[in-house]
Amino acid sequence: MRSTREAYGAALCELGATHPFYVLDADLAKATRTEEFQHAYPRRFFDIGIAEGDLMGTAAGMASCGCTVFASTFAMFAAGRAYEQVRNAIAYNRLNVKIGATHGGVLIGEDGASHQCIEDIALMRVLPNMRVLAPCDERSTRWAVETALVTDGPFYLRFNRHAVPDVYTERSIAELRLGKGTLLTQGDDVALLAVGDMVAECLQAANLLRAQGISAAVADMCSVKPLDSELICRLAAKTGLVVTAEDHNVIGGLAGAVSEALAESGTPARLIRIGLPDTFGRSGTRAELADHFGLNAAHIAQVCLEQQRKEKDYADDI
């Protein structure tokens with residue numbers, strides 16, 4: 001059990017032995033865990049300093065010369081401070097830059113609203129040519145890093161700060177595919193779609209719901225872009241109730257992507273969005289913030305139970 005940022009650093013070191021890529025960081029190598037790569041391959045690591053625009057610009061320049069580059073910093077700086085460089089230098093030119101963004105969402109803890117990036121998935125998802133991956137555990141992080149490495153073009157990889165439970169096994173990780181969601185549990189009454197830390201919470205919520213006689217399907221939507229619209233619509237048609245869960249603003253992130261997929265397909269289903277309710281984060285421990293914003297299994301299960309009761313009451317009234 002480890003954080004996805006730790007898994008990111010480990011994956012870079014492992015893959016660096018067989019792939020000649022470069023890693024750039026912006027004075028945060030200890031926090032992003034790229035220091036592991038720095039120690040293993042010092043001639044292929046560059047600390048650009050506290051200059052995130054330069055970080056992305058330098059990565060773009062190296063990629064334009066044929067290099068594959070991982071550019072790493074906090075999500076707030078990668079998607080926020082350096083957005084223009086990501087847009088115009090990297091995405092527009094379809095360059096082989098993989099953005100490793102750690103400390104995404106509010107569950108990073110006490111750093112507060114200025115550092116809790118709740119809009120990065122939305123910002124990166126709207127960029128043409130950009131793929132967005134938000135892995136949920138150590139093995140899916142290793143998969144995401146390797147997938148970005150061997151796939152041409154820009155990627156945005158979103159990682160967390162704190163340790164998370166293992167979701168995938170050595171056997172089940174083989175099911176992960178770019179552009180596909182992974183159905184972790186079957187269910188008939190509600191479909192829980194999640195990314196990042198919230199995948200494990202949804203699996204726990206499914207267990208709580210099962211004890212109440214409600215069958216919940218859980219899908220890991222690690223590949224936010226490209227999105228598995230077919231899986232989303234199939235689960236929506238089967239259950240009639242879709243709940244998205246993400247450590248991100250409910251506007252524009254996974255919930256936005258799922259809303260678009262359902263609207264375009266015309267699939268008749270109720271959608272409930274769990275995430276930040278269009279508000280900034282605040283300082284607090286991870287547990288305190290999870291409770292405050294409802295980013296935990298108990299709240300997810302409660303929301304599903306309340307919706308099931310509402311639908312039953314409506315059916316009884318008819």
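The values are calculated or read from the model by the stated rules, or taken from the named source; none is laboratory data. Because the structure is predicted, anything quoted here is derived from the model rather than measured. Positions of Cβ are generated from backbone atoms using ideal geometry, with glycine treated the same way; all protein chains shown enter the neighbour counts.
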Qualifying residue in the stretch 33-43 (condition: farther than 21 Å from ARG131 by Cβ and under 21 Å from the mean Cα position of the chain (by Cα)): yes
So ALA287, is it of a type in the set (A, V, I, L, M), part of a helix (DSSP H, G or I), in the same structural domain as GLY196 (by TED's automatic domain parsing) and without any contact (Cβ under 8 Å) to a residue 60 or more places away in the chain: yes
Residue within the stretch 26-48 that is over 20 Å from VAL145 (Cα atoms), at pLDDT 95 or above and buried (at least 19 other Cβ atoms within 10 Å of the Cβ) present: yes
Residue match in the stretch 170-183 (condition: surrounded by 21 or more Cβ atoms within 10 Å (Cβ to Cβ), of a type outside the set (A, V, I, L, M, F, W, C) and without any contact (Cβ under 8 Å) to a residue 40 or more places away in the chain): no
Some residue of the stretch 9-25 being β-branched (Val, Ile, Thr) and farther than 14 Å from ARG142 by Cβ: yes
Unmet criterion (only one of (1) within 21 Å of LEU305 (Cα to Cα); (2) among the aliphatic types (A, V, I, L, M); (3) free of Cβ contacts under 8 Å to residues at least 60 places away in the same chain) for ALA261: (1)
Subset of the stretch 49-72 [under 19 Å from GLY16 (Cα atoms) and surrounded by 17 or more Cβ atoms within 10 Å (Cβ to Cβ)]: ALA59, MET62, ALA63, THR68, VAL69, PHE70, ALA71, SER72
Evaluation of GLU110 against (1) assigned to a loop (DSSP other than H, G, I, E, B); (2) modelled with pLDDT of 95 or more; (3) of a type in the set (Asp, Glu) (one fails), failing number: (2)
Hits in the stretch 270-283 (condition: in a loop (DSSP other than H, G, I, E, B) and surrounded by 18 or more Cβ atoms within 10 Å (Cβ to Cβ)): GLY281
